[in-house]
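Quick notes on the structure that follows.
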Amino acid sequence: MAPTDRTGSDPRVTEDETAGDHLPPSQAGMSPAAAEVGAAERGEEWAREAERQHWLKSPLATLILQRMGLSVLLLFAVSLLIFVGVEALPGDFAQTYLGQSATPQAVANIREQLGLDRPATARYLEWLGGVLQGDFGNSWASGRSISEQIARRLGNTLMLAGFAALVSIPLAVGLGMVAVLYRNRIPDRLINALSLAAISLPEFFIGYLFILVFAVNWGWVTFPSTVYDGMPFGARLEAILLPGLTLVMVVLAHMMRMTRAAILNVMSSAYIETAQLKGLDAFRIIAKHAAPNAVAPIVNVVALNLAYLVVGVVVVEVVFVYPGMGQYMVDAVTVRDMPVVQACGMIFAAVYILLNMVADIIGIVSNPRLRHPR
Amino acid sequence: MRWRSIPVSAWIGMAGLALALFCAVFAPWIAPYGERQVVGDIWMPMGGEFLLGTDNLGRDLLSRLIYGAQTTIFVALAATVLSFSLGVLLSFTAAVVRGWTDQILSRFNDLMMAIPTLIFALVVLAVLPQRLWILVLVMAVLDSTRVFRLGRAVAVDIAVMDFVEAARLRGEGHAWIIFREILPNALTPLLAEFGLRFAFAVLFLSTLSFLGLGIQPPEADWGGMVKDNKDGIIFGVPAALVPGAAIAVLAICVNLVVDWLLNRTSSLKGARGDG
Amino acid sequence: MAELLDVKNLRIDATAYPEDGPPEDITIVDGVSFQLGRGRVLGLIGESGAGKSTIGLSALAYGRGGVRITGGEVILDGTDILKLSPRGIRRVRGAKVCYVAQSAAAAFNPAHRLGDQVVEAALRHGVLSREEAHERARYLFDVLGLPDPDTFGKRYPHQVSGGQLQRAMTAMALLPSPDLIVFDEPTTALDVTTQIDVLVAIKRAIEETHTAALYITHDLAVVAQIADDIMVLRHGKTVEYGTTRQILEEPRETYTRELVTVRQVKKEEAPDQSQALLKIDHVNARYANGPLILDDVSMHVPRGQTLAIVGESGSGKSTLARVITGLLPPESGRILFKNEPLPASLPERSRDHLRKIQMIYQMADTAMNPRHTIRQILGRPLTFYFGMHGQEKSRRIQELLDQIELGKGFADRYPAELSGGQKQRVAIARALAAEPELILCDEPTSALDPLVADGILTLLTKLQRETQVSYVFITHDIATVRAIADSVAVMYLGQVVRFGPKSQVLSPPFDDYTDLLLKSVPEMKVGWLEDVLETRRMESGGR
């Protein structure tokens, strides 16, 4: 039920759901399919949950509120993990910050200067209070306000990730449908083989390949992908073209494979057979009978794969020297600038948790059992 | 008979894996030059004396690639084995014992998975000292969350089956149920998952090295080699792409084998029970 | 007059994926021919794997899950539909031939209202206008005895019960006034008291609309009520084909005769049933915070005899088994074993307690670890309870295999290499290995074909004679109860409606539920359903 009930790393897990197509549940259950509880099953679970305990008149509203509450709780727990958990790890910030050769006096000085001599709980509460107001404190390295730095970079990152999402989501769903339509025939096998290769490629490999071919050899675009304030939109778009396409490549393959699995799962339902035996044509079967039931699993898949987007954007920004959050975070990790690392970690995690929440809420809303309770 | 039922793609995958493993084990004997030996100018082109050219410091790229296979594969393998042992043990325990143990383990796992892996790794590695065993441990712990999730789901599926209930009713202890009843039935999906986790570990390690947080120079590893040679790209030197391609090929090979394993298990099941 | 449907020499193949080796083609239906006239009903009957559903779907030129029709002709109204274009086939499906699936719950799309789904085929094929279609849907809902026919169509599938869904599916098939309807085990998933309503509804609808039908089932008693002709199938081939009366009353083939005369098991009821081995004393039970599943349940198992607990889904009979085993500790009440209280939960019970109460499951498939050999499966309780090893253990395993009438070669096989009946026998042997005093049998025969089930019942009776073991036999099937029980408990919605010696429980005067239950069980004779309808009409004549 938690939003994190997802495998964020491999597409194969859901894909294997199709392995259980025509099997009795006892046998299908033995496969790893179960790992990725299908959206339909999750819906069932929600429905049962809702029937059991709805304290509001509408189970739908109850569930959505519960789901939102869960996200808030999760965000809080993540903040604790990122701040206190990191604190509990061995290693003294001040010591590592200054290096092994630092004198004890220098270490003590820097501890005091950074406020590290005060108890962790007090610092956590102060930090959390600041975060809630959008204040992440100051960078150890530059001494400047982190919020200001992030404000500029967050926009850049969102634009890059948004571009990639806008291109890859419709493409993934479309290709997934093509693969299902031509199941086990040439287009499906081709898409399958290409996407298998694509999920095996590291982001930086695709990135440098693009740079070498498009920027260096052919000179179509400029490298590095610099953007600055007041840059015209068209130029900005040109700058994010290559990094955006790299991200698309990474996300698309994963998303496509899982969309295919999700649609296949729906297409192998008994009610699709009913529709075929009614003599309906392929288009009507897909549009009228498959699509309404495929929304929740596809949204689920999309949200799941936005995890690759969150991770991919970090690497891609480094490859293309693009001034975004990922670049900022990696730089901060290298110099062990903890406040910046924590701020970035918190923001990335929050975005991920929110995306999951939205996906789950769409899943809840698209479930007829919840929209039309008994 | 069995051999012939293995598809060509799986053979390709297995051959690739065998080659990579061979390089990893016998690196000092087959590499033409030393791992850190400067043998020529920087970024010499492919062909000629140096088959793949030289790198940013004038070291032989092929030799470093072979040594890199050693580091990359063994570190990734160690992390995977560790993450697997941890994940399977905890997840099976959660699935069999149920109750509070399950609740605590599962909710904590949910929390860990609420943060994207790379982001989590960046936060943690920013604090911890840069040591190889710490790197392996961090990779293993983060990855074990994924293993836990799959392992628990598989184990719960098996644990609700009648033969496990029959064992409980006989009075068997947790250890018997985990190792004798559940594990033998979970092996195939877990084996496939092991392959996927290994491929993921290779990619993850390479990404960390590429970001400068994984294996530290001058030791050769594929991700680090991409980082070393990335500046050459602007001058049209493809040296950075060679280790990148090696990573990709290794991951593809693993995926090909896993694909076959998964298909095989599903068709196995399809063959049964249709009287 | 030409027949409506003329199936000639039908052959259907499928691809099998053997464990080692490349995929190979197997023939699942071979050389089947039959004719069906307008308004007639043909019953296709056979055990699982007989190919009856596959034949039924061939009337819609449809192969499920990779099944291919590779030979023969399916001539519908003069046209071989196997030779039609995809477009031509679509015009047949849902207009001329309609299909009623076994599980209506899965066959309805959860995202659309029932009414819209029921009229869809007629609208898409242009058979009726929207108003006409909805009007006819209301009419059919009424004929089929669905509640509130005017508003029933506005509901979603999850909002109505299983029996209602099955009738709605029948309405969907009847709506375009097709020439032929294929009923694929339409009542198999239903409880017996629900089944009779659906059967009545289907029979009435067939009569009123004069449609022809293929009625597929494994239950000869059911098909006898509906069909004019019956074809008996086995392993994809025709065994016997004749009128219903001929098949039931003068079967020619041995196999058919066996089907008609199953239930040769007949156990004399024990005279004295007062000595209780297990006593269930005012037990209440529920799953965590759920509703009460067992409500003040009391009964006892006579020593060395069989208590049959009979009830439909939701009666709490399986929950009672969980309470007895200790998997679900009761909320209140006690369980006495040999007059001593049995600890409520599993961990509190001693190994000896556990040994004395063994269990046999419905699905032998899932009740045995597929990765253990039969030797391991039978050997474990021997080692676990009696510390047996080596020679002694092997000898005992062979003894057990002899007791369940399996030969020498079985010990080193895996469960997957056994047939369903053999698996259930091994499960029985595993229970016997513990030398128990009580065996809980949870529907051990309901997943088996009738002939095989009969063999299991005979075996259980024999073992009871030999070892004096007591059985708690949980079932939904009255015929099984009649065959093997000494005592009977009838359960309904978590309560014991009736308990006592079999002869008392199954003789009048009845309470309402037992009466309904007994009257709902189809009897293997022509005209039984008409008699029931007649009785009902008389009873409700005053309305």
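Data table
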item	result
Identity of the residue in the range A:273-289, aliphatic (A, V, I, L, M) and surrounded by 20 or more Cβ atoms within 10 Å (Cβ to Cβ), that ends up farthest from the chain's Cα centre (by Cα)	A:LEU277
The range A:106-134, subset in a loop (DSSP other than H, G, I, E, B) and open to solvent by less than 30 Å² (accessible area, probe 1.4 Å), residue farthest from A:VAL84 (Cα to Cα)	A:GLY115
Residue pairs meeting the criteria (Cβ under 6 Å; at least 6 apart or on separate chains; first crowded, with 20+ Cβ neighbours inside 10 Å, in the range C:304-325; second aromatic (Phe, Trp, Tyr))	C:THR306/C:TYR471; C:THR306/C:PHE473; C:ALA308/C:PHE473; C:SER315/C:TYR492
Scope the range A:63-76; condition among the small types (Gly, Ala, Ser) and surrounded by fewer than 19 Cβ atoms within 10 Å (Cβ to Cβ); matching residues	A:GLY69
Qualifying position, being open to solvent by less than 20 Å² (accessible area, probe 1.4 Å), within 8 Å of chain B (Cβ to nearest Cβ) and not β-branched (Val, Ile, Thr), among C:PRO370, C:PRO381	C:PRO381
Among the candidates C:ARG130, C:ARG124, residue that is open to solvent by 50 Å² or more (accessible area, probe 1.4 Å) and closer than 19 Å to C:ARG155 by Cα	C:ARG130
Any hit, the range B:177-189, residues being at pLDDT below 90, aliphatic (A, V, I, L, M) and open to solvent by 10 Å² or more (accessible area, probe 1.4 Å)	yes
Inter-residue pairs, beta-carbon under 6 Å, first open to solvent by 40 Å² or more (accessible area, probe 1.4 Å) and in the range A:208-220, second modelled with pLDDT of 85 or more, 6+ apart	A:TRP220/A:PHE214
Condition broken by B:LYS227, with the remaining ones in (1) open to solvent by less than 10 Å² (accessible area, probe 1.4 Å); (2) at the interface with chain A (Cβ under 10 Å from one of its Cβ atoms) satisfied	(1)
Given (1) surrounded by 15 or more Cβ atoms within 10 Å (Cβ to Cβ); (2) more than 20 Å from the chain's Cα centre (by Cα), number of the condition C:GLU208 does not satisfy	(1)
Residue in the range B:249-272 that is more than 14 Å from chain C (Cβ to nearest Cβ), at pLDDT 85 or above, more than 18 Å from B:ALA15 (Cβ to Cβ) and within 22 Å of the chain's Cα centre (by Cα) present	no
Complete set of residues in the range A:324-353 that are free of Cβ contacts under 8 Å to residues at least 24 places away in the same chain, open to solvent by less than 10 Å² (accessible area, probe 1.4 Å) and more than 19 Å from the chain's Cα centre (by Cα)	A:VAL333
Residue ranges of helices (runs of 4 or more DSSP H) in the range C:67-146 with at least 3 members away from chain A (no Cβ under 14 Å)	C:130-143
Hey, C:LEU144 at pLDDT below 90, open to solvent by less than 20 Å² (accessible area, probe 1.4 Å) and not acidic (Asp, Glu) or not	yes
Residue among A:ALA172, A:ALA165, A:ALA161 that alone is away from chain B (no Cβ under 14 Å), over 24 Å from A:ILE285 (Cα atoms) and not hydroxyl-bearing (Ser, Thr, Tyr)	A:ALA165
Residue in the range A:157-176 that is in contact with a Pro (Cβ under 7 Å, 6 or more places away or on another chain), assigned by TED's automatic domain parsing to the domain that holds A:SER269 and closer than 30 Å to A:GLU238 by Cβ present	yes
Residue match in the range C:289-312 (condition: in contact with a Gly (Cβ under 7 Å, 6 or more places away or on another chain) and assigned to a loop (DSSP other than H, G, I, E, B))	no
Residue match in the range C:280-291 (condition: surrounded by 12 or more Cβ atoms within 10 Å (Cβ to Cβ) and touching a residue at least 60 places away in the same chain (Cβ under 8 Å))	no
Selected residue (only one of C:GLU466, C:GLU435 is open to solvent by 50 Å² or more (accessible area, probe 1.4 Å), under 25 Å from B:ARG168 (Cβ atoms) and in contact (Cβ under 8 Å) with a residue 12 or more places away in the chain)	C:GLU435
Selected residue (criterion: nearest to C:LEU518 (Cα to Cα)) from residues of the range C:163-184 that are open to solvent by 20 Å² or more (accessible area, probe 1.4 Å) and within 14 Å of chain A (Cβ to nearest Cβ)	C:GLN164
Selection status of A:VAL313, at pLDDT 85 or above, more than 8 Å from chain B (Cβ to nearest Cβ), open to solvent by less than 20 Å² (accessible area, probe 1.4 Å) and within 24 Å of A:LEU81 (Cβ to Cβ)	yes
Among (1) closer than 25 Å to B:VAL257 by Cβ; (2) surrounded by 22 or more Cβ atoms within 10 Å (Cβ to Cβ); (3) in contact (Cβ under 8 Å) with a residue 24 or more places away in the chain, the one test that A:SER200 misses	(3)
Pairs with Cβ under 6 Å, 6+ apart, first in the range A:265-276 and facing chain C (nearest Cβ under 7 Å) and within 16 Å of C:GLN102 (Cα to Cα), second open to solvent by less than 30 Å² (accessible area, probe 1.4 Å) and part of a helix (DSSP H, G or I)	A:ALA270/C:ALA107; A:TYR271/C:ALA107; A:THR274/C:ALA107
Failed item, numbered, when B:GLN70 is tested on (1) over 23 Å from B:PHE194 (Cβ atoms); (2) crowded, with 20+ Cβ neighbours inside 10 Å	(1)
Residue, nearest to B:HIS174 (Cα to Cα), within the range B:96-111, restricted to residues that are among the β-branched types (Val, Ile, Thr) and open to solvent by 50 Å² or more (accessible area, probe 1.4 Å)	B:VAL97
Lone unmet requirement of (1) buried (at least 21 other Cβ atoms within 10 Å of the Cβ); (2) in contact with a helix residue (DSSP H, G or I) (Cβ under 9 Å, 6 or more places away or on another chain) for B:ALA24	(1)
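Conditions tested, residue by residue: (1) within 11 Å of chain C (Cβ to nearest Cβ); (2) of a type in the set (A, V, I, L, M, F, W, C); (3) outside any loop (DSSP other than H, G, I, E, B).
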{"site": "B:PRO129", "(1), (2), (3)": "no, no, no"}
{"site": "B:LEU142", "(1), (2), (3)": "no, yes, yes"}
{"site": "B:ARG149", "(1), (2), (3)": "no, no, yes"}
{"site": "B:ALA153", "(1), (2), (3)": "no, yes, yes"}
{"site": "B:ALA166", "(1), (2), (3)": "yes, yes, yes"}
{"site": "B:PHE179", "(1), (2), (3)": "no, yes, yes"}
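A quick yes/no check of all residues on (1) of a type outside the set (Phe, Trp, Tyr); (2) under 30 Å from the mean Cα position of the chain (by Cα); (3) assigned by TED's automatic domain parsing to the domain that holds C:ARG355:
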{"position": "C:PRO370", "(1), (2), (3)": "yes, yes, yes"}
{"position": "C:PHE384", "(1), (2), (3)": "no, no, yes"}
{"position": "C:LYS393", "(1), (2), (3)": "yes, no, yes"}
{"position": "C:GLU399", "(1), (2), (3)": "yes, no, yes"}
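The values are calculated or read from the model by the stated rules, or taken from the named source; none is laboratory data. A quick note: this is a predicted structure, and the numbers were derived from the prediction, not measured. Every residue, glycine as well, gets a Cβ built from its backbone with ideal geometry; the counts of neighbours run over all protein chains shown. Ligands, DNA and RNA are stripped out before the accessible areas are found, and what is left, the full protein with its side chains, is counted by its heavy atoms. Shrake-Rupley method; radii C 1.70, N 1.55, O 1.52, S 1.80 Å.
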